[in-house]
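Laboratory data are not the source of any read-out in this text; all were calculated from the coordinates shown. These numbers were taken from a predicted model, which means no experiment stands behind them. Positions of Cβ are generated from backbone atoms using ideal geometry, with glycine treated the same way; all protein chains shown enter the neighbour counts.
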Amino acid sequence: MLDIKFLRQNPGLVKDAMKRRFFNADIDLLIELDKKWRSLKQQENDLRKKRNEISAKIKTATAPHRSALIKEAKAIPKKLKAIQADRASLQQKIKALMDSLPNIPHESVPLGRTDNSAKIIKEWGKKPSFSFKPKPHWILGKDLGILDIEKASQLAGSGFYVMKGIGARLERALINLMLDFHEKHGFTEVVPPLIVLPSAVYGTSQLPKFEEDLFKTCSGSYLIPTAEVPLVNLHAGEMLEENQLPLKYVAFTPCFRKEAGKHGKETRGIFRLHQFNKVEMVAFTTEKDSFEMLEELRTYAEKILELLEVPYRTRLLPAGDMSFSSAKTYDIECYAAAMGRFLEVSSVSNCTDFQARRMHTKYNTGRETRFVHTLNGSGLALPRLLISILENNQTAKGTVRIPKSLQSYLGVKEIKSK
């Protein structure tokens, strides 16, 4: 959520920011409603002050004058009630409009809203070449007996997958490698709930705007779309001390997303799913350290791909393509040989104080209190990483070579068909 005080003082800047994000927002209406709300607040304060003054006068007033003062005092509660009702109505409208506004892009974020507008800032690794036609992962996985999409469809419908045998072990090995990596770099591992209250999803900004993408339980709670939701909310409503920061958390969880309107476009294999596993990084920092932390999280995601010998590229997203709560986002994409394309495997974002304002999470500097800055990044998402490893490391014999860094976790150097 944006700071209403900042909006009052910088309406032009906020308007420009919304244009950069290609977001249609009536900032003038919001400012007008806020002026009315503040005017009503002043009227309420004036009436309370007047009521106190009349009460003091009543104590010393003579009988005739006292009667008039009492009559005047009795009229004030009715006026206050009317003003409070109008102010509450305005507050609801203001909150709805404020909740709808995305974060302000950082000055370094490029203009635009398409893939062509993103800025490639790093490319690493050599794309594999083959003396044979490489199989796509859905065929390769089926031939090896490790991936069963048909059975998953029978169990749950489209958008799910079943990994079996050494395929399941491969996914578990990747999870363990990533968690070990992050722990070595100062992250605290967390096992969070997979179902959260609406307040938690609101805190990370998926609600109210993106409810159609969430799975909702019959009790009104939500399945997490990413571990970012419970991890960021670990400190909701808290006052942290400056010397506690930065705080870095990592979690492995399944993630659940409806992907409303996206299925049917790219449904082959395990590219787009309703349920997938992911290792997620989250950090809490001070304002002055947050963009340095963004680069740190980006480096961690990149280093894991380098450990796994996966070619990748890192793109700085344009303002119109960033997530709702982000001020700056890097997408890291791994290369998949048979698909012949780069696949997003990590999105690393600095949300500045946008989420903290919703969650009321602050830190104490010793002189004042400020909102923390929150950051998140995939470290990494499993399905597309699996796609890349399977497709890039296949051999003419139909086997899949295992990257050296993963061999000790998996216990084999190659996946062979049974």
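Considering all alpha-carbon pairs of region 43-113, what whole percent are spaced by more than 14 angstrom?
On the way: 1804 of 2485 pairs.
In whole percent, the long-distance tail amounts to 73.
How much of the DSSP bridge set in the chain is antiparallel, in percent, rounded to the nearest 5?
Taking every DSSP beta bridge with both residues in the chain, the antiparallel ones total about 90 percent.
For the peptides 368-379, 130-141, 90-101, what is the packing order when you average, over each peptide's residues, the other Cβ atoms within 10 Å and list the highest mean first?
Per-residue mean Cβ counts within 10 Å order the peptides as 368-379, 130-141, 90-101.
Based only on Cα atoms, what Rg/Rh ratio does region 29-69 have, Rh being taken as Kirkwood's radius? Write down the numbers at each step before the final one.
On the way: Rg = 16.0 Å, Rh = 12.0 Å.
Expressed as Rg/Rh, it is 1.33.
If every alpha-carbon in region 182-340 counts as one equal scatterer, what log10 I(q)/I(0) does Debye give at q = 0.10, 0.18 1/Å?
These q points yield log10 I(q)/I(0) values of -0.42, -1.44.
Could you let me know the centre-to-centre spacing of region 353-418 and region 292-328, using Cα atoms, in angstrom?
11 Å
Please express the shape of region 339-416 as an equivalent ellipsoid: the semi-axes are the square roots of 5 times the eigenvalues of the C-alpha gyration tensor, given largest first in whole angstrom. Don't skip to the end; give the middle numbers.
Numbers: eigenvalues 380, 43, 11 Å².
Gyration-tensor ellipsoid for region 339-416: 44, 15, 7 Å.
Where Lys and Arg each count +1 and Asp and Glu each count -1, what net charge lies around G398 among other residues with Cβ under 15 Å from its Cβ?
Its environment carries a net charge of +4.
Can you list residues whose amide H is under 5 Å from L207's amide H, if they're 5+ apart or on another chain and H is modeled 1.01 Å from N?
Here the answer is Y202, since their amide H atoms fall under 5 Å of that of L207.
Nearest 500 deg cm²/dmol is fine: what mean residue ellipticity at 222 nm does the chain get from its DSSP H runs of n ≥ 4 alone, each adding -39,500 (n - 2.57), divided by its residue count?
-13500 deg cm²/dmol
Tell me the Rg and the Dmax, in Å, that the Cα atoms of region 4-100 produce.
Spelled out, the Cα radius of gyration and Dmax of region 4-100 are 19.9, 67 Å.
For V345, what residues show an amide H to amide H distance below 5 Å, using hydrogens built from the backbone and excluding near sequence neighbours?
Long-range HN contacts for V345: I332, E333, C334.
Over 25 Å, how big is the tail of the calculated P(r) for region 115-415, in percent of all Cα pairs?
Roughly 49 percent, rounded to a whole number.
For helix 11-20, report the angle its Cα long axis makes with the longest principal axis of the Cα atoms of the chain; keep it between 0 and 90° and round to the nearest 10°.
It works out to around 20 degrees.
Using the structure shown, list the pairs from K49/K79; K135/K164; K278/K416; K209/K362 with a Cα-Cα distance above 22 Å, or answer none.
Too far apart for the 22 Å limit: K278/K416; K209/K362.
Checking the table K35/K57; K50/K81; K133/K404 against a 26 Å threshold on Cα-Cα, which pairs fail?
Result: K35/K57 exceed 26 Å.
So what is Rg over Rh here for region 249-370, counting just Cα atoms and using Kirkwood for Rh?
On the way: Rg = 16.8 Å, Rh = 16.6 Å.
Rounded to two decimals, Rg over Rh is 1.01.
How high is the relative contact order of region 4-100, in percent, with contacts defined as C-alpha pairs under 8 Å that are six or more residues apart?
34 percent
Which value, in Å³ per residue, describes the convex hull spanned by the Cα atoms of region 274-315?
119 Å³
Which FRET efficiency value, to the nearest 0.05, is calculated for C218 and S417 with the Förster distance at 35 angstrom and r the Cβ-Cβ distance?
0.20
Radius of gyration and Dmax for region 127-206's Cα atoms, expressed in Å?
That works out to 18.1, 54 Å for Rg and Dmax.
Compute the separation of the alpha-carbon centres of region 145-218 and region 1-43 and state it in Å as a whole number.
Region 145-218 and region 1-43 have Cα centres spaced 37 Å from each other.
Angle check, please: helix 27-60 long axis (alpha carbons) against the longest principal axis of the chain (alpha carbons), in degrees 0 to 90, nearest 10.
40 degrees
Once the dipole of the chain is set up with Lys and Arg at +1 and Asp and Glu at -1 on Cβ about the Cα centre, which of L33, P254, A283 lies farthest towards its positive end?
Ranked along the dipole, the leading option is L33.
When the chain is treated as a GNM, springs tying every alpha-carbon pair under 10 Å, which of E280, E44, E306 comes out with the largest mean-square fluctuation?
E44
Using alpha carbons only, how many degrees (0 to 90, rounded to 10) separate the axis of helix 166-184 from the longest principal axis of the chain?
Tilt relative to the chain: about 50 degrees.
Only four residue types carry charge here, +1 at the Cβ of Lys and Arg and -1 at the Cβ of Asp and Glu. Report the dipole size of region 1-75 about the Cα centre in Debye, rounded to the nearest 20.
That gives a dipole near 380 debye.
With Cβ to Cβ distances under 15 Å as the rule, what net charge do the other residues near P64 carry (K, R +1; D, E -1)?
Value of the local net charge: +2.
Provide, as a two-decimal number, the C-alpha radius of gyration of region 300-386 over 2.2 N^0.38 Å, N being how many residues it has.
Ratio of Rg to 2.2 N^0.38 Å for region 300-386: 1.35.
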